[in-house]
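Take a look at the structure set out below.
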Amino acid sequence: MTRAASLRTAAGFSILALGLMMLGVVVMVASSGTGAQDPLERFSDPATFTAILLAADPALRLALFFDGLFAIAYAGTVGFAAIGLAARCPPAAWASGLGILVTMGLDVTENLLMLGSLGMAAAGVQITGERIALHVLISGLKLHAAAFALVAFAFTLPDRGLVTSLMRWGVLLMPVSAILFVTDVFGASGYGSLGVFVSMVGGMVLLAFFARAEAGREPQSDPL
């Protein structure tokens with residue numbers, strides 16, 4: 001596969017990821033927020049957590065379906081983009097690629113844990129504090145891994161004016177927002193969640209345009 005082909009593939013995955021994110025938003029809006037995953041990524045007492053799960057089914061199942069596809073799409077986006085840009089900074093490309101694979105693994109684990117908790121709640125089992133803490137742990141690890149992968153990816157970007165400048169600023173927004181959500185410092189986890197969303201949407205849009213344009217600069221037959 002050539003660098004140009006890798007970048008075009010990344011652009012395609014980016015568009016797919018963006019579409020899946022929008023479908024997730026539609027599910028959340030249509031369910032009046034019950035399909036949102038955020039409340040299940042923060043600690044609450046067992047009775048409250050179980051009640052959230054009971055209210056979330058079946059909207060949350062549909063959201064997790066789209067999120068599972070989204071995990072594959074964003075891993076493909078960053079992974080193929082890192083391959084296409086690896087020549088500029090190979091260590092950063094490796095770090096980014098491995099980081100996004102770890103992120104995908106944690107994301108899928110989190111989704112499976114949520115699905116298991118949904119089944120337990122539907123069967124009349126109250127979710128324990130230990131299991132809730134596991135939800136919080138995996139979610140936090142996922143967000144930190146994603147932030148690391150994107151920061152590493154920023155070092156593979158060439159200077160292409162406004163687009164890459166915006167991408168780098170978006171990368172800076174991601175770790176701040178992720179850690180703000182995880183820590184809920186000053187009670188601002190909601191702002192952290194919004195920042196993560198804005199960073200992801202903006203990043204996917206910019207990367208789609210950038211990767212297509214960058215592919216056009218590359219020889220079409222040169223191997224990686």
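The numbers here are math on the coordinates, done by the rules we state, and not lab data. Worth saying up front: this structure is predicted, and the values here are computed from it rather than measured. As a convention, Cβ positions derive from the backbone with ideal geometry for all residues, glycine included, and neighbour counts pool all protein chains shown.
Cβ crowding within 10 Å, taken as a proxy for footprinting-reagent exposure, orders ASP107, ASP184 from fewest neighbours to most as ASP184, ASP107.
Taking θ as phi - 60° and the Karplus parameters 6.51, -1.76 and 1.60, the scalar couplings of the stretch 45-54 work out to 5, x, 5, 5, 4, 5, 5, 4, 4, 4 Hz in sequence order, x denoting glycine and proline. Compactness ratio for the stretch 101-196: Cα radius of gyration over 2.2 N^0.38 Å (N = residue count) comes to 1.32. Dipole of the chain (Lys/Arg Cβ +1, Asp/Glu Cβ -1, origin at the Cα centre): which of GLY195, LEU180, LEU40 lies farthest to the positive side? So the residue furthest toward the plus end is GLY195.
Mind putting a number on the dipole of the stretch 52-190 about its Cα centre? Charges go on the C-beta only, +1 for Lys and Arg and -1 for Asp and Glu, and I need it in Debye to the nearest 20.
Roughly 320 debye, rounded to the nearest 20.
Consider all pairwise Cα distances in the stretch 168-210 and report the whole-number % of them above 16 Å. It works out to 33 percent of all Cα pairs.
Sequentially through the stretch 28-35, phi angles give Karplus couplings (6.51, -1.76, 1.60; θ = phi - 60°) of 5, 5, 5, 9, 6, x, 5, x Hz, Gly and Pro residues having no value and appearing as x. 3J(HN,Hα) along the stretch 147-158: 4, 4, 4, 6, 5, 4, 4, 4, 6, 8, 6, x Hz, from the Karplus curve 6.51 cos²θ - 1.76 cosθ + 1.60 with θ = phi - 60°, whole Hz, x for Gly and Pro. The C-alpha atoms of the chain define a longest principal axis, and helix 59-84 lies at about 20 degrees to it. You can think of it this way: the chain between VAL25 and ALA122 has 32.5 nm of extra reach, that is 0.36 nm per residue less the Cα-Cα gap.
Within the listed set ALA51, ALA178, ALA86, the Gaussian network model of the chain (springs between alpha-carbon atoms below 10 Å) gives the highest mean-square fluctuation for ALA51. Over the stretch 45-108, the ratio between the Cα radius of gyration and 2.2 N^0.38 Å evaluates to 1.58.
In this simple spin-label approximation, VAL198 and ALA51 carry label points 7 Å from Cα along the Cα→Cβ vector, and these lie 3.2 nm apart.
Dividing the Cα convex hull volume of the chain by residue count, how many Å³ per residue is that? Let's see the in-between values first.
Values: hull volume 24.0 nm³, N = 224.
Convex hull volume per residue, Cα atoms: 107 Å³.
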